[in-house]
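Structure record follows, encoded as structure tokens.
The values are calculated or read from the model by the stated rules, or taken from the named source; none is laboratory data. The structure presented is a predicted model; accordingly, all values stated were derived computationally and were not measured. In this analysis, Cβ positions are derived from the backbone assuming ideal geometry, glycine residues included, and neighbour counts consider all displayed protein chains.
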Amino acid sequence: MTDNLDQLKAIVLGWGDQDGLKEISGYEKRLRDLAERDKVLELPGVKEWYDYLNTHISIINISLQNDRRLTETERSAMFQVRDICEKFTSMMDGKEREGIENTIKQLLDDAMAKDAS
């Protein structure tokens, strides 16, 4: 992915677009931050916690789908717990990185098309 980012940076630098360079710097910083966060997920305690939350989410989903005896209060509480678990797991699931990489790829494609014309 850094190849795409480097190519995009070179094109935008050639244009002399300072606002574009600031935007690219923002993407670089976000990717560095995500790389640091990925390192944290590799720590044994954090990995176990992450796996536990994902397992808990699955159990809650199964209960919400299959246990018809749950009261509205119980269902509401389970939804709240699931939402909290999902909030924490979403910080480590890689979707943000994927979104940034897709944005960079799209910006590079657009820049290359603009440069070619």
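Condition check: at negative phi, at pLDDT below 90 and part of a helix (DSSP H, G or I). Does Gly20 satisfy that? Considered against the rule, which asks whether it is at negative phi, at pLDDT below 90 and part of a helix (DSSP H, G or I), Gly20 comes out as yes. Within the range 77-93, is there a residue that is at pLDDT below 90 and hydrophobic (A, V, I, L, M, F, W, C)? Yes, some residue in the range 77-93 is at pLDDT below 90 and hydrophobic (A, V, I, L, M, F, W, C).
Kindly check whether there is at least one residue in the range 29-52 that is loosely packed, with under 10 Cβ neighbours inside 10 Å and not in a helix (DSSP H, G or I). Yes: the range 29-52 contains one or more residues that are loosely packed, with under 10 Cβ neighbours inside 10 Å and not in a helix (DSSP H, G or I). Taking the range 84-100 as the range and being within 14 Å of Asp38 (Cα to Cα) and of a type outside the set (Ser, Thr, Tyr) as the test, the residues that pass are Phe88, Met91, Met92, Asp93, Gly94, Lys95, Glu96, Arg97, Glu98. Annotation note: Cβ proximity below 9 Å between a residue of the range 82-106 that is without any contact (Cβ under 8 Å) to a residue 60 or more places away in the chain and a residue that is of a type in the set (Val, Ile, Thr) (sequence gap 6+ or interchain) occurs for Arg82/Ile57; Arg82/Ile60; Cys85/Ile57; Cys85/Ile60; Glu86/Ile57; Thr89/Ile57; Met92/Val40; Met92/Val46.
Step by step: first the residues of the range 60-76, then only those that are surrounded by 13 or more Cβ atoms within 10 Å (Cβ to Cβ) and in a helix (DSSP H, G or I), then the one that is farthest from the chain's Cα centre (by Cα). Which residue is that?
Filtering the range 60-76 for residues surrounded by 13 or more Cβ atoms within 10 Å (Cβ to Cβ) gives 60, 63-64, 70, 74-75.
Those left that are additionally in a helix (DSSP H, G or I): 60, 63-64, 74-75.
On the way: Ile60: 23, Ser63: 27, Leu64: 26, Glu74: 30, Arg75: 28 Å.
Checking each candidate, the answer is Glu74.
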